[in-house]
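Computed from the coordinates by the stated procedures, all read-outs in this text should not be read as laboratory data. Nothing here was measured: the structure is a model prediction, and the numbers come from that model. Reconstructed Cβ throughout: ideal geometry from the backbone, glycine too, with neighbour counts over all protein chains shown.
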Amino acid sequence: MKRNLIIATLVVFACSSVFLLSSCAKKQVVSEEKEITAPPKVVVKVEEEKPPAVEVAKEVKEEEEKVIKKAEEARVEKLKEVEIAKKKVAEEKVWEDRRGIRFEAEPVYFDFDKSFIRSEYRPVLREKAGFLKDNPNVRARIEGNCDERGTNEYNLALGERRSESAKNFLLSLGISPDRIETISYGEERPLAVGHNEDSWAQNRRDDFVIMKK
């Protein structure tokens, strides 16, 4: 009897141990499965807060205004440059016109029965040469004149020598010969009509005329 009790006790103990071991194993498997099958964490990306549409429109408008302002400033600056250039051209034209007037207004005078260039008129011819160099589209005619004394034939020849003398001086300063022509009027074109030295001195001269190409 006692032996049967011991055996029953052992059987009960064994069954309990098996049950406990089975329960622990099951818990462990379930725990492992939970760890394995646990869903990944969802990372929620928070989008940056966008500015309201009104602010965006305002920024766009400001940028457009900046571009328009820069374009207007550039246009005004360009207009100023154009005006300055026009003014400069106008001033240069006035200056050249004055030089042209002076070119024609300043005769070269000669001594009686002479055709050489007097020293006081050499600067005048140098200035004329400078004008011709600065205006390559201009040609000049030199007109030789004499006072009333002497025959017409002699005065025509003397007037030609005087015009050629001035031409040669200009050629020596680098003016091309095809830009200068000469003519003699002898005594036919007096500036002064008196019959004295003051009048005769004004008539012994070379006149200069501008001719466009």
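What is the calculated FRET efficiency for Leu173 to Glu81, with r their C-beta to C-beta distance and R₀ = 45 Å, to the nearest 0.05?
0.75
For the pair Asp198 and Asn152, how long in nm is the line joining their label points, each one 7 Å along Cα→Cβ?
The two pseudo-label positions are separated by 3.0 nm.
What's the percent breakdown of Cα-Cα distances in the range 123-192 across 5 Å bins, shortest bin first?
4, 18, 25, 19, 14, 12, 6, 1
Could you list the residues of the range 103-122 with an amide nitrogen less than 20 Å from a label point located 7 Å from the Cα of Met211 in the Cα-to-C-beta direction?
Output list for this probe position: 103-108.
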